[in-house]
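The values are calculated or read from the model by the stated rules, or taken from the named source; none is laboratory data. The model shown is predicted, which means the values in this text are computed figures rather than measured ones. Here the Cβ positions follow ideal geometry from the backbone for every residue, glycine too, while neighbour counts run over all protein chains shown. Surface accessibility is based on the protein's heavy atoms, side chains included, excluding ligands, DNA and RNA. Shrake-Rupley method; radii C 1.70, N 1.55, O 1.52, S 1.80 Å.
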Amino acid sequence: MIPHSKPSLEPVDEEAVMDVLRSGQIAQGPMVARFEQQMGEFLGLQGGVAVNSGTMAIELALRALHIGEHDEVIVPSYVCSAPWQAITRVGARPVLADIDPETLNIDPASARLALTTKTRAILVPHLFGLPADLDALQQLGVPLIEDCAQTLGSTVGGQRVGSVGTLTVCSFYATKLLCAGEGGMVLSNDTTLLEHIRQFREYDERPVLTLGSSNLKMSDLHAALGCAQLRRLPEFISRRRRIAEAYNRALPINPAGQRLIGPTVPPNRTHVYFRYVLRVKSDAPSVEAADPADAWVARFHAAGLQARRPVFRPLHHYLGHKGFPASEDAYRTTLSIPIYPAMTEETLRRCLAIFREVCGEIDRD
Ligand SMILES: *Cc1c(COP(=O)(O)O)cnc(C)c1O
């Protein structure tokens, strides 16, 4: 089975981790400081605070803005559940917005409708490697928290993703764009906010007891891996783009009245293809089950290729809310197929052959 995603780990990564291991200084130390500085430089920001996960990075970004009870935070329904977890943990209320049907990112018009006097921030996940419409979101006049867990190194209107919001969060989970095993970071140009976040990350040797402080640190072992991966990020991105171009050339495919189409990249935005998402557009909806994405995932599995729904379940499903037609449609019709820098040319050829094989089978049925 061709895996859906996998980290790109090479001898340089092993050496970086082994150096730290041999040094004897393995908990949070100089490597964490270096990783924070290098990520800050990469995004053109003053600095960052490394923590143990992306979810915790979102939570601390909210705490830094003093967001809590009686406050509202706008978040798109079509996203993983980490933002919902973080927002509710600080005591605030997540208010859902719908997405743009083309880019699958938060729709600024829907976010505008969700604004109230209690809105304290908009959480902006840049999904699948494509930036959200930061320009339009900035005009809403509410602090933006950019969630760059899936998108680093893309640009929108000439601005680098992650450099626009009041705060930016990243995740370094094993299969993200660059990995540290687990880990996250909050970055900003506002050093006061970053200092505030540092207070929460560790509890020991403080002049006063800070309510809410915990042990949320990253270790130097993880940070060393993060630094080694960050150096290879430009190479990772070009490999992802080359794979995406090969998929683009194989599309659209159109067996038995069902079009499978690739991602759209609006003008003025660049894509880093954290995911390669396919949309199923049925010309004859009655032919397919209620969720065409499921049927395609099953077909690819049977042929030896692991495909997935790129968002497991939209938030409005978990919460039992109605509406959100673009999120609903994306959930029903979107699947992602293998893309990662460690994919060999041989595996890529296999993937393309499976495309043809699966489509041929449908046409014969
Ligand atoms: C992965 C991810 C997170 C959570 O990061 P963890 O490190 O897994 O806690 C948050 N937001 C988005 C968009 C993600 O993809």
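Per-structure values
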{"read-out": "Accessible heavy-atom area order of ILE58, ILE261, highest first, probe of 1.4 Å", "value": "ILE261, ILE58"}
{"read-out": "Hydrodynamic radius by Kirkwood, which averages 1/r over all alpha carbon pairs of the range 205-261, in angstrom", "value": "16.3"}
{"read-out": "Per residue solvent-accessible surface (Å²) - the chain, probe of 1.4 Å", "value": "43"}
{"read-out": "The chain: antiparallel DSSP beta bridges as a percent of all, rounded to 5", "value": "60"}
{"read-out": "Percentage of interatomic Cα-Cα distances in the chain larger than 28 Å", "value": "45"}
{"read-out": "Spatial separation of Cα centroids for the range 148-197 and the range 203-268, in angstrom", "value": "10"}
{"read-out": "Nearest-10 value in Å² for the accessible area of ASP135, using the 1.4 Å probe", "value": "90"}
{"read-out": "Over the chain, relative contact order from alpha-carbon pairs under 8 Å, at least 6 apart, %", "value": "22"}
{"read-out": "Structure-based [θ]222 nm, the chain - -39500 (n - 2.57) summed over DSSP H runs of at least 4, per residue, nearest 500", "value": "-12500 deg cm²/dmol"}
{"read-out": "For the range 4-10, Karplus couplings with θ = phi - 60° (6.51, -1.76, 1.60), whole Hz, Gly/Pro x", "value": "5, 8, 6, x, 9, 10, 10"}
{"read-out": "Residue-by-residue Karplus 3J(HN,Hα) for the range 53-58, coefficients 6.51, -1.76, 1.60, Hz, glycine and proline x", "value": "6, x, 4, 5, 4, 5"}
{"read-out": "Amide H within-cut-off set for VAL51, under 5 Å, with H built and near neighbours excluded", "value": "GLY184, MET185, VAL186"}
{"read-out": "Set of lysines near LYS217 by C-alpha distance (under 26 Å), chain-local residues within fewer than 8 positions excluded", "value": "LYS6, LYS176"}
{"read-out": "Nearest-10 value in Å² for the accessible area of LYS6, using the 1.4 Å probe", "value": "90"}
{"read-out": "Residues whose placed amide H lies under 5 Å from that of VAL95, excluding near-sequence neighbours", "value": "VAL73, ILE74, VAL75"}
{"read-out": "Residues with amide H under 5 Å from that of VAL79, placed H, sequence gap 5 or more", "value": "LEU315"}
{"read-out": "Estimated dipole of the chain in Debye, rounded to 20 [Cβ of Lys and Arg +1, of Asp and Glu -1, Cα centre]", "value": "360"}
{"read-out": "Packing rank of 69-76, 199-206, 37-44, where each peptide gets the mean count of other beta carbons within 10 Å, highest leading", "value": "69-76, 37-44, 199-206"}
{"read-out": "HIS196 accessible area, assembled protein chains, probe 1.4 Å, Å²", "value": "50"}
{"read-out": "Cα gyration tensor shape for the range 271-365, rounded if a/c is under 1.5, else prolate or oblate", "value": "oblate"}
{"read-out": "Under 20 Å from LYS118, Cα to Cα: aspartates and glutamates that are on another chain or at least 8 residues apart", "value": "GLU59, GLU69, ASP71, GLU72, ASP98, ASP107, GLU146"}
{"read-out": "Accessible surface of the range 124-256 [probe 1.4 Å, protein heavy atoms]: carbon and sulfur percent", "value": "49"}
